[in-house]
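What follows is a set of notes on a single structure, which appears directly below.
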Amino acid sequence: MMNDRRDVWTQPQPRCRRKPRPAVGIGTLVSAAIAYMAVAFASLLGACSHGDTKMQQPPVPVVVAEATSKTLPFEIATIGTGQAYNTVSIISQVGGVIKRVSFRDGQQIKRGDPLFLIEPAPYQAALAAAEAKLARDQATTRNLEASVKRYDDLAKKDYITPQEHSDMLTNLEAMRATVRADEADVDGARLDLEYCSIKAPIAGRMGTRLIDPGNVVKANSDNPMVLIHQIQPMYVRFTVPEKYLTEILRYSASETLEVRASAPGGAPESHKGRLTFVDNTVDASTGTILLKAEFPNEDMLLWPGEFVNVVLVLKHLENAVVVPSQAIGTGQSGDYLFVVKSDATVELRPVTVAYRLDNDAVIESGVAVGEKVVTDGQLRLRPGAKVVEKSPVGAGRSNS
């Protein structure tokens, strides 16, 4: 008998389905990342706070100096050029052949020393002729004077007409004028003869002669025969910025300003002079004013055309704040230096430097007397850094 299974109904089992995951947005991911970074940064800060002493920078060794108060001269340093006190171009006032030269090139000569001799024979002859003409006309004049005296008596007795007497007086006056002209000719001829001997008009140093014996010179030629430079005393020309003009005029009005000059590499105070000239205008193209100083130049080491170091002393600064020049640094905002505070940290301090003199810098503002400034080791410093003082290089060593 077959079993009929159609009467048994089996209910189908439901399938197991997974629940859908909610979608994760970009904002959620960014928030999670920020939270993670915050936790990590907090952990890092905690670690740094616990290891503070281990990461602290050691003190920077520096050399320091104390700002002091001094009385210093207020000086303006510049470059100048030497200029002869007087320069004379020797030019012959008569023409002729150069017969003799009485100096050596570069010789130091005195006023009145002979320099050139021009052949005097033609001028001696001209002088003799002028003197002869003068003597002739003087004789004629004496003769006319005697004749006029006789004519005066005749005129009183009416032996001659008034016209004849007047003509005689006229001839005498004309002859006297001729004599005066002859005297002038004699003086001119004598002067030309003196001009044949050319002498030094000033004391100075001779240059290179530009004409040799045997050459012919023209009177009053455009080409000089030689140049003479007077270098005792001596001038030095120099320029300074126009910003100093007011102070120069103010101080020079009450006293003579001192000027020092030295050749490059020479002693800094080898020559002392005085300011003698301030130009009457400022050079608009350079913004400078031309000055001139006079120096005795007794050793004759200053030379025309030579470049020299010039220092113009304007005044003396009383109780000026001074620090070593090597303490000053220059940045985009101007001059600065590092000041050491009482807690051994440094402060970056902007300063105004009035001027520098040798190894000193005069501070107009920014540092007070007694404050310590760093003179060596600035490259490793930053504001607030700890420092430790050290001795300068070479300090404490004996010369053995």
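For residues in region 283-296 being in contact (Cβ under 8 Å) with a residue 24 or more places away in the chain and outside any strand (DSSP E or B), which is farthest from Val313 (Cα to Cα)? Looking at residues that are in contact (Cβ under 8 Å) with a residue 24 or more places away in the chain and outside any strand (DSSP E or B), I get Thr286. With respect to Ala174, determine if the residue is over 30 Å from Arg205 (Cα atoms), modelled with pLDDT of 95 or more and not β-branched (Val, Ile, Thr). Criteria not met by Ala174. If you go through region 272-282 one residue at a time, do you hit one that is within 19 Å of Pro241 (Cβ to Cβ) and outside any strand (DSSP E or B)? No - not one qualifying residue is present in region 272-282. Every condition in (1) in a strand (DSSP E or B); (2) loosely packed, with under 12 Cβ neighbours inside 10 Å is met by His229 except one, and the failing one is (2). For region 191-218, a tally of residues being of a type outside the set (Asp, Glu) and either over 40 Å from the mean Cα position of the chain (by Cα) or more than 17 Å from Ser89 (Cβ to Cβ) (or both) returns 11. Any residue that is free of Cβ contacts under 8 Å to residues at least 40 places away in the same chain and not charged (D, E, K, R) - is there at least one of those in region 233-240? Scanning region 233-240 turns up no residue that is free of Cβ contacts under 8 Å to residues at least 40 places away in the same chain and not charged (D, E, K, R). Taking the conditions (1) within 21 Å of the chain's Cα centre (by Cα); (2) surrounded by 17 or more Cβ atoms within 10 Å (Cβ to Cβ); (3) farther than 23 Å from Lys272 by Cβ in turn, Thr246 satisfies each one other than (2). Picking from residues in region 332-348 that are within 33 Å of the chain's Cα centre (by Cα) and not in a loop (DSSP other than H, G, I, E, B), the one that is surrounded by the most Cβ atoms within 10 Å (Cβ to Cβ) is Leu337.
Of the residues that make up region 151-166, is at least one of a type in the set (Ser, Thr, Tyr) and modelled with pLDDT of 85 or more? No; the residues of region 151-166 include none that is of a type in the set (Ser, Thr, Tyr) and modelled with pLDDT of 85 or more. Against the definition (over 33 Å from the mean Cα position of the chain (by Cα), under 18 Å from Glu66 (Cβ atoms) and not polar (S, T, N, Q)), how does Val321 come out, yes or no? No.
Residues of region 297-331 being under 17 Å from Ala354 (Cβ atoms) and part of a loop (DSSP other than H, G, I, E, B), which ones? Ile328, the sole residue that qualifies.
The values are calculated or read from the model by the stated rules, or taken from the named source; none is laboratory data. The structure presented is a predicted model; accordingly, all values stated were derived computationally and were not measured. Heads up, the Cβs are rebuilt from the backbone with ideal geometry, glycines too, and the neighbour counts pull from every protein chain shown.
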